[in-house]
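The values are calculated or read from the model by the stated rules, or taken from the named source; none is laboratory data. All of these numbers come straight from a predicted model, not from anything done at the bench. Cβ sites come from the backbone with ideal geometry, for glycine too, and all protein chains shown count toward neighbours. The protein model used for the area step is the full one, side chains on, heavy atoms only, and it has no ligands, DNA or RNA in it. Shrake-Rupley method; radii C 1.70, N 1.55, O 1.52, S 1.80 Å.
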Amino acid sequence: MTLQATVRPEPERAEAQERRGRSRVLTVAVVGPAGAGKTAVLEATARQLRGRTRVAIVAIHPAADRDADRCSRYSAHVQAVKTATPSFGAISPALAKVDWANTDILFIESVGGIAGPPDLGQDVTVTVLGVTGGHDMAAEYAALLAASPVLILAQADLQRHVVFDMGAFRADVRRINPLADLIEVSAFENAGIARWLAWLDRRRQEKDPGYHPPEPPKPPPEWFFG
């Protein structure tokens, strides 16, 4: 589903925030530059949470349809908002369509953030930077990183194929936000996803003390024939 961006008045903003607060849904803004691997991370996240956690996703940028199509394979509640200027007003129509009573986590994927995180009504902002963007991206997106309790370094499997100084990258992260969790993720190899999901579980417990993380799926039985 694609929604054209429109600006909503302040009362609608307050109403949407009230609905979200009552629902105890954890709203996570996933923000970073184009090509950083945000959609791949969300796709892997929705795949791992399918059947355990009710996930809704709103993708925001001028070509959001493609990202929404990818994520819709693992979540039935995905919307695309086609706009080049992410804002709460732009996504208000999409938020009004969220089934808050039957959603556990709402992810809002947004491109940009070089000037800081956009105000999308989120509970928490997650910065996603990609290995292919270079090791200076933390310094370039300092305003966004400073406002994020967690930084996902996506495309981790590509480190051996590109010039990326991990030491310099880590030093920038610690200088800008020494409290940020740095999680290296490879959506292609499914590496780092378990740590990312554990971080989400902790944030959900902070938002809703009555929440209990679901049991991980049990592996299928192994049969041996001699």
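Some points to look at:
- For segment 87-101, a residue qualifies if it is assigned to a helix (DSSP H, G or I) and open to solvent by 40 Å² or more (accessible area, probe 1.4 Å), and the qualifying residues are ALA96, ALA101.
- Yes/no for GLY113 being in contact (Cβ under 8 Å) with a residue 40 or more places away in the chain, in contact with a strand residue (DSSP E or B) (Cβ under 8 Å, 6 or more places away or on another chain), in a loop (DSSP other than H, G, I, E, B) and surrounded by 23 or more Cβ atoms within 10 Å (Cβ to Cβ): yes
- Applying the condition of being within 20 Å of VAL126 (Cα to Cα) and under 22 Å from the mean Cα position of the chain (by Cα) to segment 158-171 and asking which residue is surrounded by the fewest Cβ atoms within 10 Å (Cβ to Cβ) yields ARG170.
- Annotation: THR125 fulfils all but one of (1) of a type in the set (Ser, Thr, Tyr); (2) within 16 Å of the chain's Cα centre (by Cα); (3) open to solvent by 20 Å² or more (accessible area, probe 1.4 Å); the unmet one is (3).
- Test: residue in segment 36-48 that is part of a loop (DSSP other than H, G, I, E, B), modelled with pLDDT of 90 or more and touching an Asp or Glu at 6+ places or on another chain (Cβ under 9 Å): no
- In the condition set (1) touching a strand residue (DSSP E or B) at 6+ places or on another chain (Cβ under 7 Å); (2) at pLDDT 95 or above, ILE176 is compliant with all but (1).
- In the set ALA40, ALA56, only one residue is over 18 Å from TRP199 (Cβ atoms), among the small types (Gly, Ala, Ser) and crowded, with 17+ Cβ neighbours inside 10 Å; that residue is ALA56.
- The set of residues from segment 174-197 being assigned to a helix (DSSP H, G or I) and touching a Leu at 6+ places or on another chain (Cβ under 6 Å) comprises just one member, ILE176.
- ILE108 being in a loop (DSSP other than H, G, I, E, B) and either at pLDDT 95 or above or in contact with an Asp or Glu (Cβ under 8 Å, 6 or more places away or on another chain) (or both): no
- Annotation: VAL58 fulfils all but one of (1) more than 13 Å from ALA187 (Cβ to Cβ); (2) modelled with pLDDT under 95; the unmet one is (2).
- Residue in segment 142-163 that is free of Cβ contacts under 8 Å to residues at least 40 places away in the same chain, acidic (Asp, Glu) and under 24 Å from GLY116 (Cβ atoms) present: no
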